[in-house]
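What follows is a set of notes on a single structure, which appears directly below.
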Amino acid sequence: MAIALTKGSNLLGRLVLNQQTAEVVGRIRRLFVDTTFQQMSGIRCTSGTLGHTTRDVKWDDIMSIGDDSVLIDWNPEEPLKASEAKQGMIGLELWVDSASEIGIVKDYCLNLKTGTVTDYLFVSQRGQGLKDGAYRLPPDAIIAVGPQRILANYEAIQLAEQFSAGLPAKHTGNLDCSAANYTRTEADATFLVEDAPKKTAVRLQHSLQRVAT
């Protein structure tokens, strides 16, 4: 069975629905990564005028991820704590332990079912010995993560596999994890909790259809 991988940026903007009420919680505006375990820890949803209402949801509360929306089993009284949110990662500077700035982290690939980050995607600065395009940074190459930058192993950068060639930084948002022999499957819209009751799934499908219309 193919592994369902996607870029983190592909989830941004998706509608978030509460399984218990079929009501809209908001749209995903940010993703959080626990860099200790390289796992997704949660999502930030915004709603209301100009997105003034913010709600942080645990990744474990996500029941299903579809092409257009995300379904959560959400308890507002148990939100994602600030100490659990960790990092957003996208946009951080990438430095190496030889004290050189290499580039910028533009995105990452994640396993939708497990929430595991499989690769960070970065674009390099000119003069760093890397061609234009996006490159993979394996999570185990990261030494430290701060509020503004990532420190990684220099040797890992030198061995970095090119993810996509010849794309300037502003175009990396169009990359797909399938470009590197990963396959997006229907698991993108599959329940993450395999024992979800069939009746609940049917009711939710009807609710989603009403919301979509």
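Extent of segment 8-145 along its three principal axes (Cα atoms, max minus min coordinate, largest first): 53, 27, 26 Å. Summary of packing: across the peptides 78-87, 6-15, the per-residue average of other C-beta atoms within 10 Å ranks them, highest first, as 6-15, 78-87. Excluding ligands, DNA and RNA, the accessible surface per residue across segment 1-134 is 47 Å² with a 1.4 Å probe. For segment 77-125, the share of accessible area belonging to carbon and sulfur comes to 48 percent (1.4 Å probe, ligands and nucleic acids excluded).
Based on the Stokes-Einstein relation at 25 °C and a viscosity of 0.890 mPa s, and on the Kirkwood radius from alpha carbon pairs, segment 3-63 is assigned a translational diffusion coefficient of 199 µm²/s.
Packing order of peptides 142-148, 40-46, 112-118, highest average first: 40-46, 112-118, 142-148 (average count of other Cβ atoms within 10 Å over each peptide's residues). Counted residue by residue at 0.36 nm each, then reduced by the alpha carbon distance between them, the extension gain from Ile143 to Lys113 reaches 8.2 nm.
Just the Cα atoms of segment 79-141, one point each, no solvent: what log10 I(q)/I(0) does Debye give at q = 0.22, 0.27 Å⁻¹? Values, matching the q order: -0.97, -1.23.
The values are calculated or read from the model by the stated rules, or taken from the named source; none is laboratory data. Keep in mind that this is a model prediction, so the values were computed, not measured. Cβ sites come from the backbone with ideal geometry, for glycine too, and all protein chains shown count toward neighbours. Each accessible area value is taken on the protein alone, full model and side chains, heavy atoms only, with ligands, DNA and RNA left out. Shrake-Rupley method; radii C 1.70, N 1.55, O 1.52, S 1.80 Å.
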